[in-house]
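To start, the structure itself, in structure tokens.
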Amino acid sequence: MDSTVLIKRPVEEVFGFVADLTNVPSMDPSVKSVQKTSEGPIGAGSTFRIRQRAPHLGKVREASVRYTAVKPNRKIDLKARVGPSSSTARLTFERADEGTRVRFRGKPNPGGLLKVLAPLSTRQEQHMWDKRLARLKRTLETHQKGH
């Protein structure tokens, strides 16, 4: 999975918003809640619990996310687990002429029955990340400081 978006906001603002996963519901309506489950500031080792409506199934499932490496305003490496499946991903942030280029690259590692459906689930995940990044762009570009 590989998805990129250009957001017309400063890199510090974009990174700060994305790094705090409690902001995810604003860019993914299937996400019902996000809870930070670790102590201290967000960084390597931070963990989150996400409750999300499963695509096509309608039932709510839980995912856990752990940041494995964080370079402020540059990158976030993470590992996510949903049931028997896990995935690793990297989000990178770089200054661009008009603002910040955000790139998501992920590698799913489906477990159980999903192994058979891996090509399908990868396509769905790619589509989902394209939509998430488009919503992130919309959210941050229409968001006014102080509101």
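The values are calculated or read from the model by the stated rules, or taken from the named source; none is laboratory data. All values reported here derive from a predicted model rather than from experimental measurement. Here the Cβ is made from the backbone with ideal geometry for all residues, glycine too, and neighbour counts use every protein chain on show. For the accessible areas, the whole protein counts, side chains as well, though only heavy atoms, and no ligand, DNA or RNA atoms are used. Shrake-Rupley method; radii C 1.70, N 1.55, O 1.52, S 1.80 Å.
Please work out which one of (1) open to solvent by 80 Å² or more (accessible area, probe 1.4 Å); (2) more than 19 Å from W129 (Cα to Cα) is the condition R105 fails and give its number.
(2)
So which pairs qualify, if the first residue must be in segment 15-31 and in contact (Cβ under 8 Å) with a residue 40 or more places away in the chain and open to solvent by less than 40 Å² (accessible area, probe 1.4 Å), the second must be part of a helix (DSSP H, G or I) and among the hydroxyl-bearing types (S, T, Y), the Cβ gap must be under 7 Å, and the two must be at least 6 apart or on different chains?
M27/T139
Which members of segment 56-75 meet the condition of being β-branched (V, I, T), under 22 Å from G16 (Cβ atoms) and open to solvent by 30 Å² or more (accessible area, probe 1.4 Å)?
T68, V70, listed by residue number.
Could you check, for segment 41-55, whether at least one of its residues is open to solvent by less than 30 Å² (accessible area, probe 1.4 Å), at pLDDT 90 or above and farther than 26 Å from R138 by Cα?
Yes: one or more hits.
Can you tell me which residue in segment 1-47 is nearest to E98 (Cα to Cα), limited to those that are of a type in the set (V, I, T) and in a loop (DSSP other than H, G, I, E, B)?
I42
From the list R61, R101, exactly one residue is part of a strand (DSSP E or B), at pLDDT below 95 and either of a type in the set (S, T, Y) or within 23 Å of H127 (Cα to Cα) (or both). Which is it?
R61
Among the residues in segment 76-84, are any touching a Pro at 6+ places or on another chain (Cβ under 9 Å), assigned to a strand (DSSP E or B) and open to solvent by 70 Å² or more (accessible area, probe 1.4 Å)?
No, segment 76-84 contains no residue that is touching a Pro at 6+ places or on another chain (Cβ under 9 Å), assigned to a strand (DSSP E or B) and open to solvent by 70 Å² or more (accessible area, probe 1.4 Å).
Which one is nearest to T92 (Cα to Cα), of the residues in segment 32-72 that are in contact (Cβ under 8 Å) with a residue 40 or more places away in the chain and over 15 Å from the mean Cα position of the chain (by Cα)?
Only one residue tops the list, namely P72.
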